[in-house]
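Chemist: There's a structure below that I have some questions on.
The values are calculated or read from the model by the stated rules, or taken from the named source; none is laboratory data. The structure displayed is predicted, hence computed values, not measured ones. Note that each Cβ is placed from the backbone with ideal geometry, even for glycine, and that neighbours are counted across all protein chains shown.
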Amino acid sequence: MKIDLHIHTKTGSDGNLTVQEVFQEAKNRAIDLISITDHDSIDCQETAISLANKYSISYITGVELNVTFQLVDRKPISLDFMGYRFDHKNRELNEKLKTIREHRENRARQILQNLNMEFEKEGIEAFNDDDLRKIQESVDGSFGRPHIANYLIKKDIVSTKQEAFDKYLVKCDVPKYPLSLAEASELIRNAGGVIILAHPNDPNGTSLLKIASDLDEQSNIIEAQMLKYIDGVECWHSRNDENTTTHYVEFARKHGIIMTGGSDCHQKPVLMGTVAVPDFVADNI
């Protein structure tokens, strides 16, 4: 059985394929169970449910929420949490995601203002409302810094996304919507779903690795400050090493919580179905 419970689309956030193309690819790869987990967006869930029926693929609703996590005496960090099995028509959840989406757009405007201050120092022509409109037109899902990075490349200001972030987008950043773990948990659970800590030891993403490189120390943080808010942990991920997966499988078993897994595929390249998620996860979730 092939399982992938962590897939992003162009329709909902920052994937490279539309939701329709994702399902076609999943069918081509003989994936049996999937979840579309766009960033802070559930706009394509109705379409995904319909496509799952069309392609005879088992499906559960999904979303990836960015949370501002505060440790005592530490600077807040961003962490990602997966929501699954929720009612995608839940009013409270939809309204909160709309608020987050609006904040994303305001944040983008503020980032452009900060960029213009950097451009002024370098003698680069400032971005204006027309530039913002062009960036917005390139957005199929949730507006974020990757879309601004693409525009910087298009304008020949940088050569790569990495250069865009290193040279401009890190220093010009504006805080994301301050969604707490308690609020994220309440939103998902009140919508009938379960909430899962995503890629806890991801070296390239938002993870506990930012504050603790030791896996046991990460576990202690989860036990002390997260366990009452979460229903499980993502144990299989495309950037996990063997030690990480083994550690978090044992952690989940110790606490009797849900284990999930997926590729975190943005189709750059296409990773769908390449992570060996055990069959029992289908029953687990």
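Chemist: Please give the number of the condition V72 fails out of (1) touching a residue at least 24 places away in the same chain (Cβ under 8 Å); (2) over 28 Å from R133 (Cβ atoms).
Modeler: The number of the failed condition is (1).
Chemist: Which residues, taken from the range 241-265, are under 19 Å from Y84 (Cβ atoms) and either of a type in the set (A, V, I, L, M) or not in a helix (DSSP H, G or I) (or both)?
Modeler: The answer is V249, A252, G256, I257, I258, M259, T260, G261, G262, S263, D264, C265.
Chemist: Name the residues in the range 162-219 that are assigned by TED's automatic domain parsing to the domain that holds L112 and closer than 21 Å to S238 by Cα, would you?
Modeler: Listed by number, the list holds a single entry, Q162.
Chemist: Still on this model: Might you let me know whether the range 262-278 holds any residue that is of a type in the set (V, I, T), under 19 Å from H39 (Cα atoms) and at pLDDT below 95? I'd like the intermediate steps shown before the answer.
Modeler: Keep residues of the range 262-278 that are of a type in the set (V, I, T), which gives 270, 274-275, 277.
Subsequent filtering for residues that are under 19 Å from H39 (Cα atoms) retains 270.
Filter again for at pLDDT below 95, leaving 270.
Yes; the residues of the range 262-278 include at least one that is of a type in the set (V, I, T), under 19 Å from H39 (Cα atoms) and at pLDDT below 95.
Chemist: What are the pairs, 6+ residues apart or on separate chains, where a residue within the range 40-53 that is in contact (Cβ under 8 Å) with a residue 12 or more places away in the chain has its Cβ under 6 Å from a residue that is assigned to a helix (DSSP H, G or I)?
Modeler: Correct list of pairs: D40/L97; D40/I100; C44/V19; T47/V19; A48/V19; L51/F23.
Chemist: Quick check on the range 231-285: of everything there that is under 19 Å from A184 (Cβ atoms) and charged (D, E, K, R), which residue is nearest to the chain's Cα centre (by Cα)?
Modeler: Ranking the candidates gives D264 first.
Chemist: Test of understanding: among I36, I31, I42, which residue is under 20 Å from C235 (Cα atoms) and under 13 Å from the mean Cα position of the chain (by Cα)? Before the answer, list the steps.
Modeler: On the way: I31 fails: under 13 Å from the mean Cα position of the chain (by Cα); I42 fails: under 20 Å from C235 (Cα atoms).
Testing whether each residue is under 20 Å from C235 (Cα atoms) and under 13 Å from the mean Cα position of the chain (by Cα) leaves just I36.
Chemist: If a residue has to be surrounded by 15 or more Cβ atoms within 10 Å (Cβ to Cβ) and either aromatic (F, W, Y) or more than 18 Å from the chain's Cα centre (by Cα) (or both) to count, how many in the range 56-85 make the cut?
Modeler: Here the count works out to 5.
Chemist: Still on this structure: So which residues in the range 63-94 are part of a helix (DSSP H, G or I) and farther than 22 Å from V19 by Cβ, if there are any at all? Walk me through how you get there before you give the answer.
Modeler: Kept after step one, since they are part of a helix (DSSP H, G or I), are these residues of the range 63-94: 91-94.
The answer is R91, E92.
Chemist: While we're on this one: Give the range 45-72 a look and list any residue that's under 25 Å from S180 (Cα atoms) and either out of contact with any strand residue (DSSP E or B) (no Cβ under 6 Å at 6 or more places or on another chain) or not assigned by TED's automatic domain parsing to the domain that holds A224 (or both), or say none. Talk me through it step by step, then tell me what you get.
Modeler: Step one: filter the range 45-72 for residues under 25 Å from S180 (Cα atoms), giving 45, 60-72.
Those that are under 25 Å from S180 (Cα atoms) and either out of contact with any strand residue (DSSP E or B) (no Cβ under 6 Å at 6 or more places or on another chain) or not assigned by TED's automatic domain parsing to the domain that holds A224 (or both): Q45, T61, T68, Q70, L71, V72.
Chemist: What number of residues in the range 3-45 are assigned to a loop (DSSP other than H, G, I, E, B), aliphatic (A, V, I, L, M) and at pLDDT 95 or above? Give the steps one after another, and end with the answer.
Modeler: Here is the first cut: in the range 3-45, the ones assigned to a loop (DSSP other than H, G, I, E, B) are 8-18, 29-32, 37-38, 40-44.
Imposing the further condition that a residue be aliphatic (A, V, I, L, M) reduces the set to 17, 30-31, 42.
Checking which are at pLDDT 95 or above leaves us with 30-31, 42.
Residues that pass the stated criteria total 3.
Chemist: Out of everything in the range 1-37 that is β-branched (V, I, T) and closer than 12 Å to S58 by Cα, what residue ends up being surrounded by the most Cβ atoms within 10 Å (Cβ to Cβ)?
Modeler: Here is the first cut: in the range 1-37, the residues β-branched (V, I, T) are 3, 7, 9, 11, 18-19, 22, 31, 34, 36-37.
The next check asks that each one be closer than 12 Å to S58 by Cα; those that pass are 3, 31, 34, 36.
Details: I3: 25, I31: 22, I34: 30, I36: 32.
The qualifying residue surrounded by the most Cβ atoms within 10 Å (Cβ to Cβ) is I36.
Chemist: Can A282 be described as among the small types (G, A, S), on the phi < 0 side of the Ramachandran plot and surrounded by fewer than 21 Cβ atoms within 10 Å (Cβ to Cβ)?
Modeler: So A282 passes the test.
Chemist: Could you figure out which of (1) surrounded by fewer than 19 Cβ atoms within 10 Å (Cβ to Cβ); (2) assigned to a helix (DSSP H, G or I); (3) among the aliphatic types (A, V, I, L, M) isn't true of L51?
Modeler: (1)
Chemist: Same structure again: Can you confirm whether K89 is surrounded by fewer than 16 Cβ atoms within 10 Å (Cβ to Cβ), closer than 21 Å to G12 by Cβ and modelled with pLDDT of 95 or more? Can you show your working first?
Modeler: Numbers: surrounded by fewer than 16 Cβ atoms within 10 Å (Cβ to Cβ): yes; closer than 21 Å to G12 by Cβ: yes; modelled with pLDDT of 95 or more: yes.
Yes.
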